[in-house]
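Below is one structure, written out as structure tokens; the observations come after it.
Taken together, the values in this text are just the output of simple stated rules run on the coordinates, not laboratory data. This structure is a prediction, so every number in the text was calculated from the model and none was measured. Note that each Cβ is placed from the backbone with ideal geometry, even for glycine, and that neighbours are counted across all protein chains shown.
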Amino acid sequence: MAIISWDKNQCIGCGACTAVCPSNWEMKDDNKAHPKEINISDDKLKCNKSAEQVCPVQCIIIK
Ligand code: SF4
């Protein structure tokens, strides 16, 4: 189990997280990426970790 925190205000809407982890990240009308789930199970960790790593402004943090 892990928890996603992400700072929407820092998001530049590049779409990288949605490209590597579309199962949990989606672009919305505000042109920002949003996680579908904040509390993620271990089987979804790898995908979300990839999103964390590709974000160019480091606004996704998984703990
Ligand atoms: S990778 Fe980061 S900056 Fe790019 S859309 Fe996702 S959260 Fe926003």
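Relative to the dominant Cα principal axis of the chain, helix 45-54 is inclined by about 30°. Each of W25, W6 has some number of other Cβ atoms within 10 Å of its Cβ, and from fewest to most they run W6, W25. Calculated [222 nm] ellipticity per residue, helices only, for the chain: -6000 deg cm²/dmol; basis is -39500 (n - 2.57) per DSSP H run with n ≥ 4, divided by all residues, nearest 500. You can think of it this way: the chain between D42 and D30 has 1.4 nm of extra reach, that is 0.36 nm per residue less the Cα-Cα gap.
Taking amide hydrogens as placed 1.01 Å from N in the peptide plane, the amide H of W25 sits under 5 Å from those of K36, each at least 5 positions away in sequence or on another chain.
In order along the range 27-42, the phi-based Karplus estimate (6.51 cos²θ - 1.76 cosθ + 1.60, θ = phi - 60°) of 3J(HN,Hα) comes to 7, 10, 4, 7, 6, 10, 7, 10, x, 6, 10, 9, 8, 10, 7, 4 Hz; Gly and Pro are listed as x. Two numbers describe the Cα atoms of the chain: Rg and Dmax, which are 10.3, 29 Å. In this Cβ point-charge picture (+1 for Lys and Arg, -1 for Asp and Glu), the chain has a dipole of about 80 debye about its Cα centre. Give me the percent relative contact order of the range 2-62, please, defined on Cα pairs under 8 angstrom at least 6 residues apart. That works out to 46 percent.
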